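*Asks:* Quick one: structure below, then a few questions.
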Amino acid sequence: MFVVNHQSISLMVHAIGMQKFMLDLVDRVLQSYVHWDEYDHQPRQACYYPQGVIELMPSSDHQWHGVKWINCHPENVKLGLPTIVGLGVWSSVSDGMPQMICDMTLLTAFRTAAATGVFLKYAQKRLLQNIMMIGLGAQSDFHALMLSVLFPNVKLFVYDIDLKAIEKFMKNTATMAIQVHVIDSVEMFVNQVDAVITLTAAKKKTAILESKWIKKPLVIAAVGGDSPGKTEIDPALIERSHVVVQFLEQTEKEGEIQNAKALKIHHLYQAVKSPIEELECPLIFDSVGFAIEDHAVMRYIWQMVQNYPQLVMKFFPDLHQQPKDLWQSIGWGGCE
Ligand code: NAD
């Protein structure tokens, strides 16, 4: 079994190139939804606390089982800690042997952006030239990378309540092939864009996008709301929108639709095969994060472990010759 830590993943991404890594990942997440029937699907198991949530997200096909442990503690930033940290375990189904433990903090940011990209590019038909992003924290730079590779001429309008987050975002995206404009009011600009991505973190029901502001059939990727009682979109907007879900059983509990009934629900796995036509009402991707997206990224990293073995560490000693002799693996000579 191998250990793929944050540094190993960073080195793999450097070896492949950021843009290619993101493009490959978008394709892999897309393929997971196209081949939906080949996976076992279940909602994630979550433990909720006043400060946040800790979740387990399993996913399996006939060959590989992946499970991600992940937290979300929005107040952590005040303690100098990230809102989200993740850890993955990847096992072969045939013998049940865990093959890899990997850091899922970076990979969650990549795969979440990839899932948003799958929705914006492959699940709907509206042409997107101007996009707004609200919330410029840890996930946002990865979303900007995704936009720069999938929508090369897009203009991006960005908003955050924290000036330091804006500064950080501008610095990290300075070399990306994307035009970025900082705005100081969502309400004032929202009808000038084709799409909005919401990426805010607060452990409460907020309305980052108010229904009364929106006068056009916007495409919205609502990514930040992903837990019971933690949402971002005005329920009145949901009520007059079509909504796309990853896995209804999970989204009903965790997504924006926990607060209101949508005009119509679409499933991402169907929309990627038959993209949603331009509508007269808003179209909202109620993204909560689904385990097959983590499966897609873990499968990709597992293939890279074969290509770059020098970048990873072994976790278990090799017991193949004497699988019952765990004692000897300690290497202890005997009792004193
Ligand atoms: P983060 O704490 O690093 O960043 C959140 C940003 O939102 C901060 O910069 C904060 O200032 C900003 N913000 C908060 N309230 C705002 C408001 N009213 N208007 C504008 N900006 C506001 O968090 P992160 O890691 O970037 O994650 C963002 C959110 O995405 C979290 O809520 C997280 O749970 C969610 N998330 C969802 C998925 C998914 O698959 N759907 C995956 C990962 C993270």
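The values are calculated or read from the model by the stated rules, or taken from the named source; none is laboratory data. No experiment lies behind these values; they were computed from the predicted model shown. Counting neighbours? That spans all protein chains shown, and the Cβs are built from the backbone with ideal geometry, glycine included. When the accessible area is computed, the model is the full protein with side chains, heavy atoms only, and any ligands, DNA or RNA have been set aside. Shrake-Rupley method; radii C 1.70, N 1.55, O 1.52, S 1.80 Å.
*Asks:* Of Glu280, Glu249, which residue is touching a residue at least 24 places away in the same chain (Cβ under 8 Å), surrounded by fewer than 24 Cβ atoms within 10 Å (Cβ to Cβ) and not in a helix (DSSP H, G or I)? Before you say what the answer is, go through the steps one by one.
*Replies:* Values: Glu249 fails: not in a helix (DSSP H, G or I).
Just a single option satisfies the conditions, and that option is Glu280.
*Asks:* Still on this structure, I have one more. Determine which single condition Leu128 fails, assuming it passes every other condition in (1) more than 11 Å from the ligand (Cβ to nearest atom); (2) part of a strand (DSSP E or B).
*Replies:* It is condition (2) that Leu128 fails.
*Asks:* How about the stretch 58-80: which of its residues are within 16 Å of the ligand (Cβ to nearest atom), among the charged types (D, E, K, R) and either part of a strand (DSSP E or B) or open to solvent by less than 30 Å² (accessible area, probe 1.4 Å) (or both)?
*Replies:* Within the stretch 58-80, just Lys68 meets the criteria.
*Asks:* Are there any pairs with C-beta distances below 7 angstrom linking a residue in the stretch 147-164 that is within 13 Å of Met176 (Cβ to Cβ) to a residue that is away from the ligand (no atom under 16 Å from the Cβ) and of a type in the set (Gly, Ala, Ser), with the two at least 6 apart or on different chains, and if so which?
*Replies:* Pairs found: Ser148/Ala177; Pro152/Ala177.
*Asks:* Would you confirm, using the coordinates I've provided, whether Asp194 is near the ligand (Cβ under 10 Å from one of its atoms) and either touching a residue at least 12 places away in the same chain (Cβ under 8 Å) or among the charged types (D, E, K, R) (or both)?
*Replies:* Numbers: near the ligand (Cβ under 10 Å from one of its atoms): no; either touching a residue at least 12 places away in the same chain (Cβ under 8 Å) or among the charged types (D, E, K, R) (or both): yes.
Judged against the criteria, Asp194 is not a match.
*Asks:* Identify, please: which residue in the stretch 171-185 is open to solvent by 30 Å² or more (accessible area, probe 1.4 Å) and under 21 Å from the mean Cα position of the chain (by Cα) and is, among those, farthest from the ligand (Cβ to nearest atom)?
*Replies:* Top of the filtered list is Met176.
*Asks:* Another question, if that's okay. Restricting the stretch 131-142 to residues that are within 12 Å of Leu156 (Cβ to Cβ) and assigned to a helix (DSSP H, G or I), which is farthest from the ligand (Cβ to nearest atom)? Walk me through how you get there before you give the answer.
*Replies:* To start, the set of residues in the stretch 131-142 that are within 12 Å of Leu156 (Cβ to Cβ) comprises 131-134, 136, 140-141.
Subsequent filtering for residues that are assigned to a helix (DSSP H, G or I) retains 140-141.
Numbers: Ser140: 6, Asp141: 9 Å.
Among them, the one singled out is Asp141.
*Asks:* Could you list all residues from the stretch 287-334 that are among the β-branched types (Val, Ile, Thr) and exposed (fewer than 10 other Cβ atoms within 10 Å of the Cβ)? Before the answer, list the steps.
*Replies:* If we filter the stretch 287-334 for residues that are among the β-branched types (Val, Ile, Thr), which is where we start, we get 288, 292, 297, 301, 305, 312, 330.
Selection gives Ile330 alone.
*Asks:* Sticking with this structure for a sec: Can you pull out the residues in the stretch 230-253 that are over 13 Å from Val288 (Cβ atoms) and either away from the ligand (no atom under 13 Å from the Cβ) or at pLDDT below 95 (or both)?
*Replies:* Within the stretch 230-253, the subset over 13 Å from Val288 (Cβ atoms) is 234-242.
Passing the criteria: Pro235, Ala236, Leu237, Ile238, Glu239, Arg240, Ser241, His242.
*Asks:* Of the conditions (1) of a type in the set (A, V, I, L, M); (2) open to solvent by 10 Å² or more (accessible area, probe 1.4 Å); (3) more than 15 Å from the ligand (Cβ to nearest atom), Ala165 satisfies every one except a single condition; which number is it?
*Replies:* Tallying (1) of a type in the set (A, V, I, L, M); (2) open to solvent by 10 Å² or more (accessible area, probe 1.4 Å); (3) more than 15 Å from the ligand (Cβ to nearest atom), Ala165 fails exactly one: (3).
*Asks:* Out of (1) open to solvent by less than 10 Å² (accessible area, probe 1.4 Å); (2) within 15 Å of the ligand (Cβ to nearest atom); (3) of a type outside the set (Lys, Arg); (4) touching a Cys at 6+ places or on another chain (Cβ under 9 Å), what's the single condition that is false for Thr83?
*Replies:* The number of the failed condition is (1).
*Asks:* Moving on to the next point. So, Lys216, is that one touching a strand residue (DSSP E or B) at 6+ places or on another chain (Cβ under 9 Å) and in a loop (DSSP other than H, G, I, E, B) or not? Please lay out each step first, then the result.
*Replies:* Numbers: touching a strand residue (DSSP E or B) at 6+ places or on another chain (Cβ under 9 Å): no; in a loop (DSSP other than H, G, I, E, B): yes.
The answer is no for Lys216.
*Asks:* Now for a separate question. Enumerate the pairs (first residue in the stretch 96-115 and more than 14 Å from Lys68 (Cα to Cα) and assigned to a helix (DSSP H, G or I); second residue anywhere and open to solvent by 40 Å² or more (accessible area, probe 1.4 Å) and not polar (S, T, N, Q)) with beta-carbon separation below 8 Å, excluding pairs fewer than 6 apart on the same chain, so at least 6 apart or on different chains.
*Replies:* That search, which allows pairs on different chains as well, returns Ala114/Arg28.
*Asks:* Please give the number of the condition Met97 fails out of (1) surrounded by 17 or more Cβ atoms within 10 Å (Cβ to Cβ); (2) modelled with pLDDT under 95; (3) under 23 Å from Leu311 (Cβ atoms).
*Replies:* Single failed check for Met97: (1).
*Asks:* If you don't mind, another one. Counting only residues that are open to solvent by less than 30 Å² (accessible area, probe 1.4 Å) and either out of contact with any Gly (no Cβ under 8 Å at 6 or more places or on another chain) or not in a loop (DSSP other than H, G, I, E, B) (or both), how many does the stretch 186-200 have?
*Replies:* Within the stretch 186-200, the subset open to solvent by less than 30 Å² (accessible area, probe 1.4 Å) is 186, 190, 193-199.
This time we only want the ones that are either out of contact with any Gly (no Cβ under 8 Å at 6 or more places or on another chain) or not in a loop (DSSP other than H, G, I, E, B) (or both), so: 186, 190, 193-198.
Qualifying residue count, the stretch 186-200: 8.
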